[in-house]
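Each value in this text was obtained by applying a stated rule to the coordinates, not by laboratory testing. Keep in mind the model is a prediction, meaning the values are calculated, not measured. Quick reminder, even Gly has a Cβ in these numbers, built from the backbone with ideal geometry, and neighbours come from all protein chains shown.
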Amino acid sequence: MHALGRLILGAFALLLAVPAGFAVLVLALLVDPAAQAWLSGGALAGLDMALSDLSAGLPPEGLALFVAGLAKALFVLLFVPPALIALGGEILGCRGLLWYGAGCGLLTAALPWLTRGALRSGGATRDAALLAGEVRLTLILFVVGASAGLVYWLVAGRGAGRIREADLSEDA
């Protein structure tokens with residue numbers, strides 16, 4: 001019975017953590033000047049692509065593929081890290097704020113680096129502006145993941161792996 005209760009509480013906590021992470025992501029992207037330029041340029045390019053396809057009489061497949069890719073990326077960035085950290089916290093019995101906040105933040109910030117593969121070679125020849133942009137994005141993703149992890153911890157993480165005395169007496 002304890003496991004079912006923890007499962008329901010964990011699902012509820014994820015239901016709250018994912019929108020919290022999304023809200024922080026939107027806020028961070030709107031506040032950061034470099035992200036604002038990137039978003040406006042990307043949004044204009046996407047709108048131009050969709051309108052040109054529609055005006056040519058083509059179905060909006062490019063737009064549908066873009067939306068599907070964006071949904072997949074948001075799922076990986078916003079749902080997977082809190083779910084993995086929560087699962088690890090339940091299995092290991094970790095109840096610490098640092099486990100959920102920093103762990104989820106580090107995992108979220110590392111995901112683009114992990115999906116891209118190893119670090120790019122030629123670090124000395126890299127553009128300083130590109131490196132600064134990657135550092136900004138990594139910091140934004142860390143804050144997004146940390147906020148989602150903290151929301152999860154507030155709802156369900158403080159009692160992770162804990163079996164109450166009443167549950168032990170019921171099972172006996």
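What does the extension gain come out to for residue 7 and residue 34, with contour length at 0.36 nm per residue minus their alpha carbon separation?
On the way: separation 27, 0.36 × 27 = 9.72 nm, distance 3.99 nm.
Between residue 7 and residue 34, full extension yields 5.7 nm more.
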* To do: Mind giving me the nanometre distance, one decimal, between the label points for residue 45 and residue 64, set 7 Å out from Cα along Cα→Cβ?
  => 2.3
* Asked: Which order, highest average first, do 8-19, 137-148 follow once you tally other Cβ atoms within 10 Å for each residue and take the mean per peptide?
  -> 137-148, 8-19
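Near residue 111, within a Cβ-to-Cβ distance under 15 Å, what is the net charge of the other residues, with Lys and Arg +1 and Asp and Glu -1?
Numbers: positive: 72, 116; negative: 134.
Charge balance near residue 111 sits at +1.
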